[in-house]
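Read through the structure below, which is laid out as structure tokens, and then see the notes.
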Amino acid sequence: MSTSPFDRLGLEARRLARRLTPEALAEEAASLLDRPLRLGVTGLARSGKTVFTTAVARALLFPDRLPFLQARADGRLIGAELRRPGDPEIPRFAYETHLARLAGSDGEMPGWPASTRMLSQLRMGLRWKPAGMVDRRIRPVRELTLDIIDYPGEWLLDLALIERSFADWSAEALATLRQGPRAELARPFLARLETLDPAAPADDVTLAELGQGWSAHLIACRTAGLAVSRLGPGRFLVPGDLEGAPVLAFSPLPEPKGRVPSGSLYAVAAERFDQYRKRIVGRFFREHFARLDRQVVLVDLPGALSAGADAVEDLKLALTESLGAFRYGRGHGMIGRLLSGVRIDRVLFAATKADQVPAAQHARLDALMQSLVADAARAIRFEGAETRTLAIAAVKAAESVFAEHDGRNLACVRGRIAGRKRPSVVYPGELPADPAEALARAAGGGFDFPPFLPPEGLVRDGHGMAHIRLDQALDHLIGDRLG
Ligand SMILES: Nc1nc2c(ncn2[C@@H]2O[C@H](COP(=O)(O)OP(=O)(O)OP(=O)(O)O)[C@@H](O)[C@H]2O)c(=O)[nH]1
Ligand SMILES: [Mg+2]
């Protein structure tokens, strides 16, 4: 039986009306409040996602160091527990293993968790007493489930590929190979390209070789410590379960002149790029990012400043591109929110590893962070979400100290450096108040923020770990839900 457009319209209107009855709205609102709060921990590779997630779990389990988390300060936070995560196909976040690494209780000296190679999920349950008298009478104990996904940072940049064409991406990728520091490392890949005709019929061996060549080039750039945040596609660096899969058997190629013959190397590479975009990136995004409620964007500014001004610029571009994929805003009130689905309504831009910067310069680090994400933050606020920046250290690995040098009193940091027995005092350079000046100084090699190791005694039974402003970060991200 076919229905006319008018019937369909009537049906839609009735459906909508049904959704808007007070009961249905109340029901949906309750389900929104009861469902897990999904916190997106976003950040490029090595920005500090795994350490942050471990530190958040530890801090909520042992909240003795969270004076600025309001529910804790009010004495209303009852406690937290680790829970069995919801998705049976994704491994659980290895909280205990990461903590043991930080503590050095796995038989070695305290160190950082290894770089992430696979997805994993953390679920926690939180209990607290509501702030209001009336709320307290209705439900004396409230509960929230918090979900966090940890993933290799390399995959984040892939979000920028969702809307791109193979021709565009190829042209840009090949252009970067001929410039700056990548040119030397790109030589073997470019030499192989010279011998190929992209319009020639495709064969699997050549395509696989191209994929491996591209992957080898990206890995070489990373190993050389090049300031290239925008390396990709991410699965070519960290394949996860796609090792050897045909969807990774392609590389950027120069566009053949004239019509692209079907079945040519170029045509098949373009098909694979589209499959990568739609299947790999699309699925990753749909399953893990499309329904986030809150987001923290972790940015390793000390690392980028140490690598030079280009690295900071590259970082800014990478962030802007990847943030473009998320949906922000309140959907204009509860009704809008119910109809338009879930959106991120609070974002924290966190300058991580702030312990590497002397405490007196944290306000400057925050100012630099603000200037770096100003455009992105403005656009997000325009959509109706709240944003904030903070300089934080999920784990405080260094102390701020002053040291005399040539009659000057220099602001320094002290912490453990690999291979040295005793803590070292380092002068990392002084961050200027003006962000533009900070970039100029970075360009001149003016900063060297040392990658300290976690201190001994960081993890003590029954206590949270030392941190910098992790409590303020948590208060911005989930504090309102613990009211
Ligand atoms: N000083 C200091 N260093 C940190 C902190 N958090 C992370 N680091 C450093 O940054 C490195 C990367 O941290 P991770 O948490 O593994 O970063 P990630 O974003 O999970 O990295 P991928 O898994 O590779 O994407 C660590 O090995 C430490 O060297 C921090 O709070 N303080
Ligand atoms: Mg990680």
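The values are calculated or read from the model by the stated rules, or taken from the named source; none is laboratory data. Fair warning: this is a prediction, and the values are worked out from it, not measured in the lab. Note: ideal-geometry Cβ built from the backbone for every residue, glycine included; neighbour counts use all protein chains shown. Accessible surface is based on the protein model in full, side chains and every heavy atom, while ligands, DNA and RNA are left aside. Shrake-Rupley method; radii C 1.70, N 1.55, O 1.52, S 1.80 Å.
From the backbone phi of segment 427-439, what are the Karplus-calculated ³J(HN,Hα) couplings (6.51 cos²θ - 1.76 cosθ + 1.60, θ = phi - 60°) in whole Hz, Gly and Pro given as x?
Karplus values, whole Hz, x for Gly and Pro: 9, x, x, 9, 6, x, 5, 8, x, 5, 5, 4, 5.
When the Kirkwood radius is taken over all Cα pairs of the chain, what Stokes-Einstein diffusion coefficient follows at 25 °C and 0.890 mPa s, in µm²/s?
Value of D from the Cα-based Kirkwood radius: 99 µm²/s.
Note down the Stokes-Einstein diffusion coefficient of segment 155-244 in µm²/s, whole number, using a Kirkwood radius over alpha carbon pairs, 37 °C, and 0.692 mPa s.
Reported coefficient: 234 µm²/s.
Applying a 10 Å radius around every beta-carbon, put 439-448, 105-114, 268-277 in order of their mean neighbour count, most first.
268-277, 439-448, 105-114
Show the residues, 5+ positions off or on another chain, whose built amide H is closer than 5 Å to the amide H of C412.
Placed amide hydrogens put V401, F402, A403 under 5 Å from C412.
With r as the distance between the Cβ atoms of A440 and E194 and R0 = 45 Å, compute the FRET efficiency 1/(1 + (r/R0)^6) and round to 0.05.
After rounding, the FRET efficiency stands at 0.70.
Along segment 248-260, what does the Karplus equation 6.51 cos²θ - 1.76 cosθ + 1.60 (θ = phi - 60°) give for ³J(HN,Hα), rounded to whole Hz, x for Gly and Pro?
Listing the rounded values in order: 9, 8, 6, 7, x, 9, x, 6, x, 6, x, 6, 7 Hz.
Can you tell me the dipole magnitude for segment 157-285 around its Cα centre, using point charges on the Cβ only (Lys, Arg +1; Asp, Glu -1), in Debye to the nearest 20?
Approximately 300 debye in magnitude.
What residues of segment 217-255 lie in the reach of a label at A114, counting those whose backbone N is under 16 Å from a point 7 Å from the Cα along Cα→Cβ?
So the set is 238-241.
Tell me the carbon and sulfur percent of the accessible area for the chain, rounded to whole percent, probe radius 1.4 Å.
It is 53 percent, rounded to a whole number.
At 1.4 Å probe size, put K49, K421 in order of accessible surface, largest to smallest.
Descending order: K421, K49.
For R327, list long-range residues whose amide hydrogen, built 1.01 Å from N in the peptide plane, is under 5 Å from its own amide hydrogen.
Amide H neighbours of R327, under 5 Å, 5+ apart: I344.
How large is the dipole of the chain about the Cα centre if only Lys and Arg carry +1 and Asp and Glu carry -1, each at its Cβ, rounded to the nearest 20 debye?
Computed charge dipole of the chain: roughly 1340 debye.
Could you report the accessible area of M118 in Å², rounded to 10, computed with a 1.4 Å probe on the protein chains as they sit in the structure?
M118 exposes around 100 Å² with every protein chain in place.
Under the Karplus relation 6.51 cos²θ - 1.76 cosθ + 1.60, θ = phi - 60°, what is the ordered set of whole-Hz ³J(HN,Hα) values for segment 168-179, x standing for Gly and Pro?
4, 4, 4, 4, 5, 4, 5, 5, 5, 5, 9, 10
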